[in-house]
Structures are given as C-alpha cells and as structure tokens.
Amino acid sequence: MSTAATQNTITLNNGVEMPQIGYGVFQVPDAETETAVSLALAAGYRSIDTAAIYGNEAGVGRALAASGIAREELFVTSKLWIEDLGFDSALAAYDSSLQKLGLDYLDLFLIHWPAPATDAFLESWRALEELLAEGRVRAVGVSNFLPEHLQRILDAGRIVPAVNQIELHPALQQRTIADFNAAHGIATEAWSPLAQGGVLSETAITDIAAAHGRTPAQVILRWHLQQGRVIIPKSVTPSRIAENLDILDFALTDAELAAVDALERDGRTGPHPAGFNG
C-alpha cells in the first residue's frame, strides 16, 4: 500500500509534488498523536497535516523521528494560528512549529484562517513569501480563504498560494471557492472530507458502496480524488486509517459522481471564514 500512496500525487503550482491522500491529526491529543501517526505511516501515508493550534506538533515529530522514514519521503504541513498573524510573529511561529516537530523545514506552511477583522493576513503572507524565498519551506498556502481574501493576496503578493485548504465534503462542496482556486492554479485541499461522518448514511452513498463492495467512507474519499482534490481524512482506528488510504483500485462512474454531487446542502460543520476571527 505504501507504494501506491506515494505514487498518488498532485503537482503544486511551484512544481512541488504533494501526496493526494494525507493523514490529518485535528483533535488528536498530543499524547495519542505519536501512536496515531505511527499507525498512519505504517499503513503507507507519507503526508501528515497538523497545525500549531492543534497542540500536537510535538507528537507528530516524535512519530516521524521514530519511523525511520527518510525525510525526503515525507510531506509535512503545519499552519499559522490567528494569534500569530503579522510579519515578525509569523516568522517566529514558523520557527516554533519546526522546533516542536523536530524538523529543519516544512513541505507546506499555511495561514490557518484569514481572520478578516484583524486585517493581518497580508503581512503574514509576506512572511511566508520570505520563508519560501529563503528555501526554508517548500511551498506556502492558505486555509479557509474565501475568494475575496485570495484576491487580496493575488493583488498584493509576489506569489500565488500553492494550496487553499477548506472544509469540503458532499454536503458542502464550496464550488465557488474551488472554481476560483482552479482558475488561479491553487490546489484545493479538503478538510473534514467525510463531514465528520455526517454523510456516511446517505442512501446515494450506501448504494454506491454496495455496488463496489466498498465502505461509504471509501466512496466519498474516492469522489474527492476523482475531482482532483487533496484530502486529509482523520481516524485513530487502525482499520479505518488503512481503509481511508485503500481507494486507488476502483473508480466511480460519471453517474455515481453526479449522485454524490447532488448531496450539496450547504452543510457546514465548522466556522464560516467571513466571521471567524479566533
């Protein structure tokens, strides 16, 4: 499985290859993170997504160090929290994340939320551009950015974000943002790709799962994959960790993709970026 996982990549707008299936550690306590990430790495994941606010970067780092996997085979993402928005504070926060992870560089560093009331994300973006120019990070991007936030970066920044990580699943497909991302060469990465389990029992999903001999979760993740998105499913259950990665050897038909598309209902599970300021 590890070979398949490392071969399934997308090319970011600066040429960096990013695994299309990653392992997310949102809401995993630090004490449990080392075990969970170790299980994911053993299952074949090579991309790990964490964030400063998750409080588990150290646990991720312990798992990476214990794995024996060469650093160049790994793809590690972390994110800048709202309290650290700004230029100098963003640079300091990046150093803090590296120290906790025990790494010399990140593969991807994201501004976690635009927090529009602070009006500080442009200064933060300037800091990320500097980190990239200095070769201290391989790619930079954003998370939870709406088109109006992205446009300000496109207008004022020197580089285009490589990734916009947003809540995206069958019940909340964010087509306007995804279309904007695509039009500007920004990869769309889905957090909460399974809607925290909220769409697993939908008849359209269970019928497709039965037809393929797959689980509902695998059907949804395959739907994401076939639409070109990066996904970071999260589980601490060993069987589900492996199951979420085992989606490369079947495909949904156009009719099945359309049936999943039809589940859109603006079913947001997290905050709305326009009003969330930490």
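The values are calculated or read from the model by the stated rules, or taken from the named source; none is laboratory data. What you are looking at is a predicted structure, and each value in this text was computed from that prediction instead of being measured. Cβ sites come from the backbone with ideal geometry, for glycine too, and all protein chains shown count toward neighbours.
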Response to the item:
Pairs returned, first residue in the stretch 206-227 that is of a type in the set (Gly, Ala, Ser), second residue that is in a helix (DSSP H, G or I) and crowded, with 21+ Cβ neighbours inside 10 Å, beta-carbon separation under 6 angstrom, 6 or more apart or interchain, are 209/219
Worksheet, complete the sentence: Picking from 119, 49, 84, the residue that is under 17 Å from residue 142 (Cβ atoms), without any contact (Cβ under 8 Å) to a residue 12 or more places away in the chain and either crowded, with 22+ Cβ neighbours inside 10 Å or acidic (Asp, Glu) (or both) would be 119
Item to complete: Determine, yes or no, whether residue 260 is in a helix (DSSP H, G or I) and crowded, with 19+ Cβ neighbours inside 10 Å.
Response: yes
Discussion item. Which condition from (1) under 17 Å from residue 45 (Cα atoms); (2) of a type outside the set (Lys, Arg); (3) not in a loop (DSSP other than H, G, I, E, B) is the one that residue 247 breaks?
Written reply: (3)
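Taking the conditions exactly as written (at pLDDT below 95 and among the β-branched types (Val, Ile, Thr)), does residue 160 satisfy them or not?
Here the answer is no, as residue 160 does not meet what is asked.
Out of all the residues in the stretch 125-139, is one or more closer than 17 Å to residue 54 by Cβ, of a type in the set (Gly, Ala, Ser) and in contact with a helix residue (DSSP H, G or I) (Cβ under 9 Å, 6 or more places away or on another chain)?
The answer is no; no qualifying residue exists.
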Discussion item. Consider the stretch 122-155. How many of its residues are buried (at least 23 other Cβ atoms within 10 Å of the Cβ) and not in a helix (DSSP H, G or I)?
Written reply: 7
Discussion item. Exactly one of these conditions fails for residue 241: (1) more than 26 Å from residue 29 (Cα to Cα); (2) assigned to a helix (DSSP H, G or I); (3) within 17 Å of the chain's Cα centre (by Cα). Give me its number.
Written reply: (1)
Discussion item. Can you find a residue that is over 17 Å from residue 12 (Cα atoms), of a type in the set (D, E, K, R) and surrounded by fewer than 18 Cβ atoms within 10 Å (Cβ to Cβ) anywhere in the stretch 173-182?
Written reply: yes
Item to complete: Identify the single condition in (1) touching a residue at least 24 places away in the same chain (Cβ under 8 Å); (2) assigned to a helix (DSSP H, G or I); (3) within 28 Å of residue 74 (Cβ to Cβ); (4) touching a Leu at 6+ places or on another chain (Cβ under 8 Å) that residue 98 does not satisfy, given that it satisfies every other one.
Response: (1)
Item to complete: Under 7 Å between Cβ atoms, at least 6 apart or on separate chains: pull out the pairs that start in the stretch 135-157 with a residue that is more than 23 Å from residue 270 (Cβ to Cβ) and end on any residue that is outside any loop (DSSP other than H, G, I, E, B) and of a type outside the set (A, V, I, L, M).
Response: 137/109; 157/125; 157/129
Worksheet item: Within the stretch 63-79, is there a residue that is at negative phi, buried (at least 16 other Cβ atoms within 10 Å of the Cβ) and touching a His at 6+ places or on another chain (Cβ under 7 Å)?
Response: yes
Discussion item. Given the condition out of contact with any helix residue (DSSP H, G or I) (no Cβ under 6 Å at 6 or more places or on another chain), surrounded by fewer than 17 Cβ atoms within 10 Å (Cβ to Cβ) and under 24 Å from residue 274 (Cα atoms), answer yes or no: does some residue in the stretch 91-113 qualify?
Written reply: no
Practice prompt. Tell me, please, whether a residue that is closer than 30 Å to residue 242 by Cβ and either acidic (Asp, Glu) or out of contact with any Pro (no Cβ under 6 Å at 6 or more places or on another chain) (or both) can be found in the stretch 178-186.
Written response: yes
